[in-house]
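Have a look at the structure below, then the notes.
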Amino acid sequence: MQKHQNWARNYTYNVTEIHTPETLEQVQEIVVRSTRIKPLGTRHSFNGIADSNGVHLSLQKLNRLIDFDLKRNKVTVEGGVRYGDLCTYLNNHGYALHNLASLPHISVAGACATGTHGSGDRNGSLATAVHSMEIVTADGNVVTFSRDLQNDEFAGAVVSLGGIGIVTKITLDVVSSFNVSQSVYENLPLVQLKDHFDDIFSSAYSVSLFTDWKDESFNQLWVKQKLTNSAPVQTEPSLFGATLASTSKHPVPGLGSENCSEQMGIPGPWHERLPHFRMDFTPSAGDELQSEYLVPRQYAYDALTAIQGIRTSISPLLHICEIRSVAADELWMSPCYMQDSVAIHFTWKADWPSVQQVLPVIEQRLQPYHARPHWGKLFAMNPERLQQLFVKLPDFRQMVSRYDPQGKFRNSFLDRYIMGC
């Protein structure tokens, strides 16, 4: 079989054999007979975290809804379900997830395993909605990790980096469906964040700032208001010095807004407003690379000022940079472990040699602010520095060894950054 690539086509997997099981029993059989295997979701990681020197087990056919527990406000799905498909079902039945990432195209299992997030001061990452998981481990057995068991293993297993096994089933907490209005403001000066950072990011349910770092301001401020009643939406003509946009916008300058979620303050269901992009369109810029670093919230303005100091090196390589807030969680390998965080996300042009040169410069600038990288994005940080940033990494390493003693689910990424090999 011809070798395959990730979504952005910047990474070619070593795997030449892909299995696409349709049942739990088939997953168990494939895992037992494989010496090296990795789960494969929707291929939205930009590095080798999902690669293997053995085979891939694709979750694309494990995409069914298994149970909807209305009394306990929980939904159980197979690991291959994509958020866009799940959210449509939930909304049709009057329910919602607490938050969504920028893209609805990604799988539930893959997003949770890498600590993927949306935005909002009170919104934890997508993984914080997980109530329980069923994972097929290296010996083919099914192990359940649940918040109800009240042990440390659950906190270690949710953001698993694919190192413990194949996630075949996930139970998520759901809430009542809600509507959101989305408005975009233009030209917010960076200096406004010095005294008004908390005011800006607490001004709505979900807030995002976008900049191409060509000057000392943010091109756009996206404000997603959660609506609690049927009262008309009141949209201010200006916000912290930024001006309300007169037309719908794409985050990337020069691109049309047709693949973006509805703006202009028009109310709509949560799953059609919280993501920036529509499910049936190509997300983001398309031909791109991505990096992201999460800093403790108290350092956010200083970290952004540090990035602003090297903007002339960044802006020629950049499609756009997005700033979001994420609430703290207790998941061991989450970049938001025990700290309210601000995520600085770079969507790069597809020029890896140049991006590879600038990433160490960014990381050096962010080092005083204890920036943790997103596990599924591109970074240059050495393993020793990364391991210092994740205080529960030694416990996670022991957990990986306990459930996968022969290293069946390991790869060069996990060996380098987690196992210390």
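Trypsin sites (Lys or Arg not before Pro) within the stretch 1-79: which are DSSP loop residues with at most 15 other Cβ atoms inside 10 Å? Answer by residue number: LYS3, ARG9, LYS61, ARG64, LYS71, ARG72.
Entry note, the chain: relative contact order of 18 percent, from Cα contacts under 8 Å with a spacing of 6+ residues. Kindly state, to the nearest 0.05, the FRET efficiency for PHE68 paired with LYS226, given R0 = 22 Å and r defined as their beta-carbon distance. The value I calculate is 0.45. Of the cross-linked pairs LYS61/LYS226; LYS71/LYS392; LYS38/LYS392; LYS194/LYS224; LYS169/LYS249; LYS194/LYS214, those separated by over 30 Å at the C-alpha level are LYS61/LYS226; LYS71/LYS392; LYS169/LYS249. Among GLU272, GLU236, GLU153, the largest mean-square fluctuation in a Gaussian network model of the chain, built with springs joining Cα atoms closer than 10 Å, belongs to GLU236. Between LYS349 and LYS214, the simple label model (points 7 Å from Cα in the Cβ direction) yields a spacing of 1.2 nm.
First check a/c for the stretch 1-107, with a ≥ b ≥ c the square roots of the eigenvalues of its C-alpha gyration tensor; if it is under 1.5, answer rounded, and if not, answer prolate when a/b is larger than b/c or oblate otherwise. Oblate shape, in that a/c is at least 1.5 and b/c is the bigger or equal ratio. A straight chain from SER315 to SER202 at 0.36 nm per residue would run longer than the Cα-Cα distance by 37.9 nm.
For the chain, the longest principal axis of the alpha carbon atoms and the long axis of helix 352-366 meet at an angle near 70°.
Once the chain from THR144 to GLN367 is taken as fully extended at 0.36 nm per residue, the excess over their C-alpha distance is 76.6 nm. Here the stretch 323-362 and the stretch 119-139 have alpha carbon centers that stand 19 Å from each other. In percent, rounded to a whole number, the relative contact order of the stretch 81-181 is 31, using alpha-carbon pairs under 8 Å and six or more apart. Peptide packing for 186-193, 75-82, 145-152, 406-413 was compared via the average number of neighbouring C-beta atoms within 10 Å per residue; ordered from the highest value, the list is 75-82, 406-413, 186-193, 145-152. Could you give the angle, 0 to 90 degrees to the nearest 10, between helix 83-92's Cα long axis and the longest principal axis of the Cα atoms of the chain? In the chain, helix 83-92 runs at an angle near 70 degrees to the longest axis.
Short-range pairs are left out: with C-alpha atoms under 8 Å and at least six residues apart, the relative contact order of the stretch 311-379 is 30 percent.
Two numbers describe the Cα atoms of the chain: Rg and Dmax, which are 20.6, 62 Å.
For the stretch 175-239 versus the stretch 6-68, the spacing of their alpha-carbon centroids is 37 Å. The long axis of helix 24-33 is offset from the longest Cα principal axis of the chain by roughly 70 degrees. For MET264, the amide hydrogen comes within under 5 Å of the amide hydrogens of VAL184, counting only partners 5 or more places away or on other chains and with H modelled in the peptide plane. Length gained on full extension, THR12 to ALA380: 130.6 nm, using 0.36 nm per residue less the C-alpha separation. Per-residue ellipticity at 222 nm from helix content only, as computed over the chain with -39500 (n - 2.57) for each DSSP H run of at least four residues, stands at -6000 deg cm²/dmol.
The listed peptides 301-307, 347-353, 111-117, ordered by packing as a protection proxy, come out as 111-117, 301-307, 347-353 (highest mean of other Cβ atoms within 10 Å first). Considering only DSSP beta bridges where both residues belong to the chain, give the percentage that are antiparallel (nearest 5). Of those bridges, close to 90 percent are antiparallel.
Model label points for THR235 and SER176, set 7 angstrom from Cα along the Cα-to-Cβ axis, are 2.7 nm apart.
Placing unit charges on C-beta atoms (Lys and Arg positive, Asp and Glu negative, everything else neutral), compute the dipole magnitude of the stretch 179-383 about its Cα centre in debye, rounded to 20.
Working: 14 positive and 22 negative charges, 17 e Å.
Value, rounded to 20: 80 debye.
When the chain is described by a simple charge dipole with +1 on each Lys and Arg Cβ and -1 on each Asp and Glu Cβ, the residue from LEU57, THR168, ILE344 located farthest towards its positive end is LEU57.
Exposure proxy check: LEU24, LEU172 ranked by fewest other beta carbons within 10 Å? Intermediate values should be presented prior to the final figure.
Values: LEU24 16, LEU172 24.
Exposure proxy ranking, most exposed first: LEU24, LEU172.
Database remark: amide H of LEU227 closer than 5 angstrom to the amide H of ASN179, VAL180, SER181 (H placed geometrically; neighbours at sequence offset of 5 or more, or on other chains; Pro and chain starts carry no H). Convex hull volume of the Cα atoms of the stretch 113-270, normalised per residue: 166 Å³. Charge dipole of the stretch 189-309 (Cα centre as origin; +1 on each Lys and Arg Cβ, -1 on each Asp and Glu Cβ, all else neutral): 280 debye, rounded to the nearest 20.
Our compactness index for the stretch 65-176, the C-alpha radius of gyration over the empirical 2.2 N^0.38 Å, is 1.00.
At an R0 of 35 angstrom, the distance between the Cβ atoms of SER248 and GLU22 translates into a FRET efficiency of 0.30. With each label modelled as a point 7 angstrom along the Cα→C-beta vector, the ASN187-GLN60 pair spans 4.6 nm. Applying 1/(1 + (r/R0)^6) with r as the Cβ-Cβ distance of ASP302 and THR35 and R0 = 45 angstrom yields a FRET efficiency of 0.40. Counting neighbouring Cβ atoms within 10 Å and putting the fewest first, the residues LYS392, LYS194 line up as LYS194, LYS392.
Any read-out appearing in this document is the output of simple, stated calculations on the displayed coordinates, not a laboratory observation. Bear in mind the structure is a predicted one, so any value in this text is a computation, not a measurement. Cβ sites come from the backbone with ideal geometry, for glycine too, and all protein chains shown count toward neighbours.
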